[in-house]
Amino acid sequence: MNNRQPSMADGVLLNYETMQIQILVVHPSPLVQAALNCLMRTDASFGVVKTFSRGTELAEFLTMTTDRFDVVLLSVESEQPSLMIRIAAMTDAKVILLALENEPLDVEAWLKEGARGLIGTHADFAQLSKAINKVYSGEFWFNRQITSRIFSGLGQSKELSDEQRRIAELTNKEKLVVRAVVDGGGKTLRETAKDLQISENTVRNHLRSIYSKLGLANRLELFVFAQQHLGQ
């Protein structure tokens, strides 16, 4: 039995009840952060571990902890779908998007990167609670309009190119390494490893796997391939 008591850190209640769904919240508004924290505390099955104003703050926090988290409530305001790759590389927590003002036009891109649900402007706490439980159990949570758009897009999609099939084989961590190598320009592997906060040997292992999956020989070929097929 866990005898640790809740404590305060940065003004946010840390709850260590092991049976709770451990939640991280990312939203630029302190008022929304506080409101979500208060709402979650009305349900004993939820525990808001920490709140953040930006996705970059969440990513930095995840590099400094080995704790388990279950769900991330992530505001899409001022964030890009590529953030999902960084989150997935550092935690197994499932991401639910918060679109409390406007539904993101690129929700399919968020879904492609691993988002598991979307809470829109008209959702109430009962819907949010149900979404968290559904996503935590491995399901998805999207409204009918978005689901229809997703399936419509799947039906109209063309056959994947050879390059797209190879890219699809990359893990989220490998995609993160690719992005770091490409964005780093002429950085050494040691510098890239420092940026990713992993060992140089781990970077080398990831690169060997990446080269094998993409059919490449070195970082120069990887850079060219990324420019042509991965975008920015």
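The values are calculated or read from the model by the stated rules, or taken from the named source; none is laboratory data. Since the model is a prediction, treat every value here as computed from it, not as a measurement. Every residue, glycine as well, gets a Cβ built from its backbone with ideal geometry; the counts of neighbours run over all protein chains shown. For the accessible areas, the whole protein counts, side chains as well, though only heavy atoms, and no ligand, DNA or RNA atoms are used. Shrake-Rupley method; radii C 1.70, N 1.55, O 1.52, S 1.80 Å.
Which residue out of 88, 131, 99, 93 is open to solvent by 20 Å² or more (accessible area, probe 1.4 Å) and of a type outside the set (Phe, Trp, Tyr)? So that I can check it myself, show each step before the final result.
Details: 131 fails: open to solvent by 20 Å² or more (accessible area, probe 1.4 Å); 99 fails: open to solvent by 20 Å² or more (accessible area, probe 1.4 Å); 93 fails: open to solvent by 20 Å² or more (accessible area, probe 1.4 Å).
Going through 88, 131, 99, 93 in turn, the sole match is 88.
Among residues of region 35-52 being in contact with a helix residue (DSSP H, G or I) (Cβ under 8 Å, 6 or more places away or on another chain) and assigned to a strand (DSSP E or B), the one that is farthest from residue 129 (Cα to Cα) is 52. Scanning region 41-59 for residues that are farther than 11 Å from residue 79 by Cβ and among the β-branched types (Val, Ile, Thr), we see that the one that is modelled with the highest pLDDT is 51. Candidates are the residues of region 53-80 that are among the hydroxyl-bearing types (Ser, Thr, Tyr), open to solvent by 20 Å² or more (accessible area, probe 1.4 Å) and outside any loop (DSSP other than H, G, I, E, B); the one that is nearest to residue 198 (Cα to Cα) is 63.
Could you say which residue among 203, 181, 177 is surrounded by 14 or more Cβ atoms within 10 Å (Cβ to Cβ), modelled with pLDDT of 85 or more and within 13 Å of residue 226 (Cα to Cα)? Quick ask: steps written out before the conclusion?
Numbers: 203 fails: within 13 Å of residue 226 (Cα to Cα); 181 fails: modelled with pLDDT of 85 or more.
Of the residues listed, the single one that is surrounded by 14 or more Cβ atoms within 10 Å (Cβ to Cβ), modelled with pLDDT of 85 or more and within 13 Å of residue 226 (Cα to Cα) is 177.
Whenever a residue of region 127-140 is farther than 15 Å from residue 22 by Cβ, its partners that are surrounded by 12 or more Cβ atoms within 10 Å (Cβ to Cβ) and of a type in the set (A, V, I, L, M), lying with C-beta atoms within less than 8 angstrom and at least six residues away or across chains, give the pairs 127/119; 128/39; 128/119; 131/96; 131/119; 131/123.
Pairing each residue of region 34-52 that is open to solvent by 50 Å² or more (accessible area, probe 1.4 Å) with any residue that is assigned to a strand (DSSP E or B) and of a type in the set (Gly, Ala, Ser), provided the two are 6+ apart or on different chains, yields C-beta distances under 9 Å for 41/47.
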